[in-house]
Amino acid sequence: MALQVGAGAPWPSDLDAVLSFLVGLPPFLIYLVLGTGSALENIVPAIPADTFVAVGGLLSTRGDLVGLWVFGTSWSFNTLSALIVYRLAYRHGRAFFEGGVGQYLLKSHQLERMGHFYRRWGTPGIFFTRFLPGVRSAVPVFAGVTQQPWLPVAAPIILSSGLWYGGLVGLGIWVGNNLTFLGALLSRLNLVLGVIAAVIVVIAIRWWRRTRRQPHE
C-alpha cells in the first residue's frame with residue numbers, strides 16, 4: 001500500500017520533489033530506492049542519498065515505512081557498495097595508475113606516500129572523511145589503490161556509515177511532519193561538512209602539485 005501524506009504542509013521545493021516521488025511508491029520500492037541511492041553515492045557523489053534517507057526517516061513516522069528498515073537498508077547498501085569499490089580498486093587500481101592516463105594523474109612515488117599515510121592514519125582518516133560529501137566516495141578507492149588491509153578499511157567504513165545513516169533517519173523521525181525544519185537542518189549540516197570537504201580537497205590538490213616532482217622528500 002502506498003504511503004499517504006496529508007496536504008497543506010509548507011514543504012520546501014527541493015524536499016517536496018523527493019517526498020512526492022517517494023510517497024507514490026509502495027514501501028518495498030521505497031526501501032529499494034533508498035538502498036540503491038545509498039549504494040550509488042559511492043560511485044556518483046552527486047546523488048542526494050542523504051536527503052532521501054532523511055525523508056525516509058520522516059515518512060516512517062506517518063506511513064507504512066519502518067525506521068529500522070530505512071536505516072538497515074541504507075546502511076547495508078552503502079557499506080556493501082563502498083567495500084566493493086575498495087575491493088575493485090585493490091585488484092585493479094594499481095595497474096590503472098601504472099599506465100595510460102592513470103600515470104599522469106598520480107606518480108608511483110605519490111602512491112607510495114599515500115600508502116604511508118593510510119598505514120599511519122588510515123583508520124581514523126577513513127572514519128572521519130566518510131562523513132564528508134564528495135570526499136567520502138574517494139576514500140575506499142584510494143584505500144584500495146594503495147593496497148590497505150581489509151579490516152582497517154572495512155571497520156571504519158561500517159561504523160561511520162552506520163552512525164551517519166542512523167543519524168539521518170533519527171533526524172527525519174525527530175522532525176516528524178516539519179519538512180521545512182528538516183530542509184533547514186540538512187542545508188546547514190551540508191554547508192558545514194561541505195566547507196570541511198572543500199578545505200581537504202584544497203589541501204589534497206596542493207599536496208598533489210607539490211609532490212609531482214619531489215619523489216625523494
- Scope segment 18-33; condition closer than 21 Å to Ala184 by Cα and open to solvent by less than 20 Å² (accessible area, probe 1.4 Å); matching residues: Val18, Leu19, Leu22
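Could you list, in sequence order, the residues of segment 150-189 that are among the hydroxyl-bearing types (Ser, Thr, Tyr) and either open to solvent by 30 Å² or more (accessible area, probe 1.4 Å) or touching a strand residue (DSSP E or B) at 6+ places or on another chain (Cβ under 7 Å) (or both)?
Thr180, Ser187, listed by residue number.
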- Task: Check off (1) touching a helix residue (DSSP H, G or I) at 6+ places or on another chain (Cβ under 6 Å); (2) open to solvent by 20 Å² or more (accessible area, probe 1.4 Å) for Gly56 and give me the number that stays unchecked.
- Result: (2)
- Message: For segment 113-149, give me the residue count where each residue is open to solvent by 60 Å² or more (accessible area, probe 1.4 Å), assigned to a helix (DSSP H, G or I) and without any contact (Cβ under 8 Å) to a residue 24 or more places away in the chain.
- Response: 4
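Let's see how each residue does on (1) at pLDDT 85 or above; (2) under 16 Å from the mean Cα position of the chain (by Cα):
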residue: Thr129; (1), (2): yes, yes
residue: Gly134; (1), (2): no, yes
residue: Gly144; (1), (2): yes, no
residue: Tyr165; (1), (2): yes, yes
residue: Gly183; (1), (2): no, no
residue: Leu189; (1), (2): yes, yes
residue: Arg209; (1), (2): no, no
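The values are calculated or read from the model by the stated rules, or taken from the named source; none is laboratory data. Bear in mind that the values here come from a model prediction, so they are computed numbers and not experimental data. Methodologically, a virtual Cβ is constructed for each residue, glycine included, from the backbone with ideal geometry; neighbour enumeration extends over all protein chains shown. Remember, those area values only see protein heavy atoms, side chains included, never the ligands or the DNA or RNA. Shrake-Rupley method; radii C 1.70, N 1.55, O 1.52, S 1.80 Å.
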